[in-house]
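Colleague: Dropping the structure in here first, questions after.
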Amino acid sequence: MMKKSISILVFLLLHFTLAASDSVYETFLQCLTNHTNQTDQFSNIVYTQNNSSYTSILRAYIRNARFNVSSTPKPLIIITPLQESHVQAAVICSKQVGYQLKIRCGGHDFEGISYTSCNPFFVLDMFNLRSISVDIDEESAWVGAGATLGELYYKIWEKSKVHGFPAGVCPTVGVGGHLSGGGYGNMLRKYGLSVDYVVDAKIVDVQGRILDRKAMGEDLFWAIRGGGGASFGVILSYKINLVTVPAKVTVFKIEKTLEENVTDMVFRWQFVAPTTDHNLFMRMFLQPVTRKNNQTIRASIMAMYLGDSNTLVSLLAQDFPELGLKIKNCIEMSWIESALWWASLKTGPNNPPDALLDRKLDSAKFLKRKSDYVSKPIPKYSLNLLWKTMMELGKPELVFNAYGGRMNEIAASETPFPHRAGNLFKIQYSVNWEEAGTEIENNCISQMRSLHSFMTPLVSKNPRSAYFSYRDLDIGINHNGKYRYNEGKIYGEKYFKGNFDRLVKVKTMVDPQDFFRNEQSIPPLLSN
């Protein structure tokens, strides 16, 4: 009798939930119709959980398989706008029906913040708004928030072989999230961050208005260039200035292990990589590997030089003899080919850059990421302890990204991204695994946290800084209640340092009721 009663109760609850969902959907749909002119398109852009395309739409841009399981909270509705007015209506109508609105731009989103929530929510998926208009005469481009970096690079290449844009090396990263969080890549020592080249933007604010730079004002324009757009509104597009690149650049990759004096190479890298010629960017990967049944550490240096190979070899023979770079290690290629090379895609005359257009839909991997900044070189004895720790743990890897150059020349307050002068390099902690399961996930994440803890005395302090676009919920979560400012300050000062309070002031000005919120958004100052 008890089991039968419980079954009836579950049935009634499910029936009530579905009925409530249908009611919300109908109310939302009616509101959308009232606020746009294109009433016949909504069946193609609004997906409920009952829609046959719902799962494929949701999964398409999930990049972390940890959030691609049945237990992950799912949005009640997914909206995939085809035009700007759809975005305006989605904001207005989500507010009207009282649901949280998460904004997804098709990027990597390491913690799934843009498509998961513990509260009932909608997802506004911007992947259709990906137009790119390149003006070579003006050396600029308007880029839709839903475009990918690969699509941007391809469109620039179509118009010019001597222009590029200083942004990330992964072509599937979404432009909207990348630019609003700072954005960096293999030209940051020459040109700085992606946001340093944003000159205009279009945003839908909490009132559903479309604002450009002039209409939004300089405070909000400052905030969405590194402070995260999703805290302030919905970014529709950015206008960027392009940069010049030589007709040929040089790339190389060199690998060494502990048995090949890797400690000396890594130690010296810390002094050379942030101070050498601004045209040279050297990224270093550190991985525990097994060679001939023995554990060791492999260090791989991937680099790009905005110049020819002879000049590069001569430069590093003087600055970095521990690397042992030879002409045979170098490959000269066009800038667009280098974008393929960094993404491990095929290059050469028989491999056009069309591969940059592949969005690799529904290709999530299990992963966790963390970050740190380093202002003083890590001594050799600490490196040796690091190798021991990494080999004992077995899974986590490190990526060192060199700073210096142009990064030293821009003030920390110029954009919300504060990690400029004084940083030698940034660390990305990385761990991936192949199979679903609580045990393996907990083990891998525990290993990463252990490595992060080991690094504490070797990295930045007060606060221990982190990169906003390498989202990490370990460093703080906002429950968006009455303590939201205090909770926000915990992670906010790690991401933004002294710029956090200015971001709070902008947030309070443009979204005082905190409609645009997530687990690590910028909080407003709530009035008593």
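Colleague: Step by step: first the residues of segment 292-329, then only those that are open to solvent by 20 Å² or more (accessible area, probe 1.4 Å) and of a type in the set (Ser, Thr, Tyr), then the one that is farthest from residue 268 (Cα to Cα). Which residue is that?
Modeller: 311
Colleague: Quick one: which of 189, 213, 209 is basic (Lys, Arg), modelled with pLDDT of 95 or more, out of contact with any Pro (no Cβ under 7 Å at 6 or more places or on another chain) and closer than 25 Å to residue 305 by Cβ?
Modeller: Just a single option satisfies the conditions, and that option is 189.
Colleague: Here's another thing I want to ask about it. Is it the case, given these coordinates, that residue 66 is in contact with a Ser or Thr (Cβ under 9 Å, 6 or more places away or on another chain), assigned to a loop (DSSP other than H, G, I, E, B), among the basic types (Lys, Arg) and buried (at least 19 other Cβ atoms within 10 Å of the Cβ)?
Modeller: Considered against the rule, which asks whether it is in contact with a Ser or Thr (Cβ under 9 Å, 6 or more places away or on another chain), assigned to a loop (DSSP other than H, G, I, E, B), among the basic types (Lys, Arg) and buried (at least 19 other Cβ atoms within 10 Å of the Cβ), residue 66 comes out as no.
Yes/no matrix, rows are residues, columns are (1) on the phi > 0 side of the Ramachandran plot; (2) open to solvent by less than 30 Å² (accessible area, probe 1.4 Å); (3) out of contact with any His (no Cβ under 7 Å at 6 or more places or on another chain); (4) among the hydroxyl-bearing types (Ser, Thr, Tyr):
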position: 479; (1), (2), (3), (4): no, no, yes, no
position: 495; (1), (2), (3), (4): no, yes, yes, yes
position: 498; (1), (2), (3), (4): no, no, yes, no
position: 505; (1), (2), (3), (4): no, no, yes, no
position: 511; (1), (2), (3), (4): no, yes, yes, no
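Colleague: Quick check on my filter: what residues within segment 132-152 are in contact with a strand residue (DSSP E or B) (Cβ under 7 Å, 6 or more places away or on another chain), open to solvent by 10 Å² or more (accessible area, probe 1.4 Å) and outside any strand (DSSP E or B)?
Modeller: 136, 139, 151
Colleague: Let me ask you something else. In segment 334-348, which residues are in a helix (DSSP H, G or I) and open to solvent by less than 30 Å² (accessible area, probe 1.4 Å)?
Modeller: Result: 335, 336, 338, 339, 340, 342.
Colleague: Now for a separate question. Going through 373, 381 one at a time, which residue ends up being farther than 28 Å from residue 147 by Cα, surrounded by fewer than 16 Cβ atoms within 10 Å (Cβ to Cβ) and modelled with pLDDT of 95 or more?
Modeller: 381
Colleague: Search segment 478-501 for residues that are assigned to a helix (DSSP H, G or I) and pair each with any residue that is among the charged types (D, E, K, R) when their beta-carbon atoms are under 6 Å apart and the residues are at least 6 apart or on different chains.
Modeller: 500/493
Colleague: Report yes if residue 436 is more than 17 Å from residue 501 (Cα to Cα) and of a type in the set (Gly, Ala, Ser), otherwise no.
Modeller: yes
Colleague: Moving on. Of all residues in segment 70-88, how many are assigned to a helix (DSSP H, G or I) and over 16 Å from residue 516 (Cβ atoms)?
Modeller: 3
Colleague: So, in segment 177-217, exactly how many residues are outside any helix (DSSP H, G or I), under 13 Å from the mean Cα position of the chain (by Cα) and within 20 Å of residue 521 (Cα to Cα)?
Modeller: 2
Colleague: Does segment 258-265 include one or more residues that are more than 27 Å from residue 339 (Cβ to Cβ) and of a type in the set (Ser, Thr, Tyr)?
Modeller: yes
Colleague: Sticking with this structure for a sec: Just name the residue that is farthest from residue 388 (Cα to Cα) out of those in segment 298-355 that are basic (Lys, Arg) and out of contact with any Asp or Glu (no Cβ under 7 Å at 6 or more places or on another chain).
Modeller: Residue satisfying both the conditions and the ranking: 346.
Colleague: Give, as residue ranges, the strands (runs of 3 or more DSSP E) completely inside segment 218-333 that count at least 1 residues that are without any contact (Cβ under 8 Å) to a residue 60 or more places away in the chain and over 30 Å from residue 516 (Cβ atoms).
Modeller: Ranges flagged: 249-257, 280-291, 294-305.
Colleague: If I ask for residues that are part of a helix (DSSP H, G or I), over 29 Å from residue 207 (Cα atoms) and either without any contact (Cβ under 8 Å) to a residue 40 or more places away in the chain or open to solvent by less than 50 Å² (accessible area, probe 1.4 Å) (or both), which ones from segment 29-63 would you list?
Modeller: Across segment 29-63, the qualifying residues are 55, 60.
Colleague: Hey, another quick one. Which of the residues belonging to segment 450-474 are surrounded by fewer than 20 Cβ atoms within 10 Å (Cβ to Cβ) and either acidic (Asp, Glu) or within 19 Å of residue 112 (Cα to Cα) (or both)?
Modeller: 473, 474 - these are the residues of segment 450-474 that are surrounded by fewer than 20 Cβ atoms within 10 Å (Cβ to Cβ) and either acidic (Asp, Glu) or within 19 Å of residue 112 (Cα to Cα) (or both).
Colleague: Since residue 351 meets every condition but one in (1) open to solvent by 30 Å² or more (accessible area, probe 1.4 Å); (2) in contact with a helix residue (DSSP H, G or I) (Cβ under 6 Å, 6 or more places away or on another chain), which condition does it not meet?
Modeller: (2)
The values are calculated or read from the model by the stated rules, or taken from the named source; none is laboratory data. The structure displayed is predicted, hence computed values, not measured ones. Neighbour counts run over all protein chains shown; Cβ positions are idealised from the backbone, glycine included. Quick note on the areas: whole protein, heavy atoms, side chains included, nothing else; ligands and nucleic acids left out. Shrake-Rupley method; radii C 1.70, N 1.55, O 1.52, S 1.80 Å.
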